[in-house]
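Student: This is the structure I want to talk about, given as structure tokens.
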Amino acid sequence: MVRTLLIRGMVVGIVAGLLAFGFAKVFGEPQVDRAIAFEDQMDRAKGEAPGPELVSRAVQSGVGLLTGVVVYGTALGGLFALAFAFAYQRIGRLSARATSALLAAAGFVAIFLVPQLKYPSISPSVGQPERSGIEANCFS
């Protein structure tokens, strides 16, 4: 049973990774390209030379992004399947659907909500150039 659940979880993770790749390509990459263009424009205005490009932007936004999200999705799907296999019928008499919903909610809280509350995505030093994001987080 565990082997079957693990394979199913990993397959679902691959599908989720492919969907995440499509979403990132359509909605995320144009914003990243705009941010890079803005940084390049600011560097040119300061008279600074652009830094060396270790990995081309085409590789980063193509095969690199695809590899990253598919591997991450596969791993997360496999870990979820193993956690479900361990927790099923050990958390009271919940059905399979209720157990998976409870695990998904717990994962959301542990992986996203708590870190987001502790370390918000906008640094407290925004608008205060004299304070870096690290200092602002260390002393808050």
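The values are calculated or read from the model by the stated rules, or taken from the named source; none is laboratory data. These numbers come from a predicted model, not from an experiment. We place every Cβ from the backbone using ideal geometry, glycine too, and count neighbours over all the protein chains shown. Protein only, heavy atoms only, side chains kept; ligands, DNA and RNA dropped before computing areas. Shrake-Rupley method; radii C 1.70, N 1.55, O 1.52, S 1.80 Å.
Student: Go ahead and collect, in residue order, the members of the range 1-28 whose backbone nitrogen is under 16 Å from a label point 7 Å along the Cα-Cβ direction of residue 89.
Tutor: Answer for the range 1-28: 1-5.
Student: Near the amide H of residue 94, under 5 Å away, which other amide H atoms are found, from residues 5 or more places off or on another chain, if H is placed in the peptide plane?
Tutor: 89
Student: Within the range 43-84, whose backbone N sits under 11 Å from a point 7 Å along Cα→Cβ of residue 24?
Tutor: Only 60-73 pass the distance filter.
Student: What span do the alpha-carbon atoms of the chain cover on each of the three principal axes, reported in whole Å from largest to smallest?
Tutor: The Cα atoms of the chain stretch 66, 39, 22 Å along their principal axes.
Student: For residue 50, what charge total do you get from the other residues with a beta carbon under 14 Å from its beta carbon, if Lys and Arg give +1 and Asp and Glu give -1?
Tutor: Value of the local net charge: -2.
Student: How far is helix 29-46 tilted off the main Cα axis of the chain, in degrees rounded to 10, range 0 to 90?
Tutor: 20
Student: Now for a different question. Can you list the HN-Hα couplings for the range 71-78, worked out from phi with the Karplus curve (6.51, -1.76, 1.60; θ = phi - 60°), rounded to whole Hz and with x for Gly and Pro?
Tutor: 3J(HN,Hα) across the range 71-78, in whole Hz: 5, 4, x, 5, 5, 5, x, x.
Student: Each label point is 7 Å from the Cα along the Cα-to-Cβ direction; what then is the distance between the points at residue 112 and residue 98, in nm?
Tutor: Going by the 7 Å Cα→Cβ label model, 2.4 nm.
Student: Between the helical axis of 2-23 and the dominant principal axis of the chain, each derived from Cα atoms, what acute angle in degrees is found, rounded to the nearest 10?
Tutor: Tilt relative to the chain: about 30 degrees.
Student: Could I ask something else about it? How charged is the neighbourhood of residue 78? Take every other residue with its Cβ under 12 Å from the Cβ of residue 78, and add Lys/Arg as +1 and Asp/Glu as -1.
Tutor: That sum, taken over residues with Cβ under 12 Å, equals +2.
Student: Now for a separate question. Taking the 0 to 90 degree range and rounding to the nearest ten, how far is the long axis of helix 96-108 tilted relative to the main principal axis of the chain, both from C-alpha atoms?
Tutor: 30
Student: Sticking with this structure for a sec: Using a Förster radius of 35 Å, what is the FRET efficiency between residue 45 and residue 121 based on their Cβ-Cβ separation? Nearest 0.05, please.
Tutor: Step by step, r from the Cβ atoms, then E = 0.80.
Student: Expressed as a whole percentage, what fraction of the accessible surface of the chain belongs to carbon and sulfur atoms when a 1.4 Å probe is rolled over the protein heavy atoms?
Tutor: The C+S portion of the solvent-accessible surface of the chain is 69 percent.
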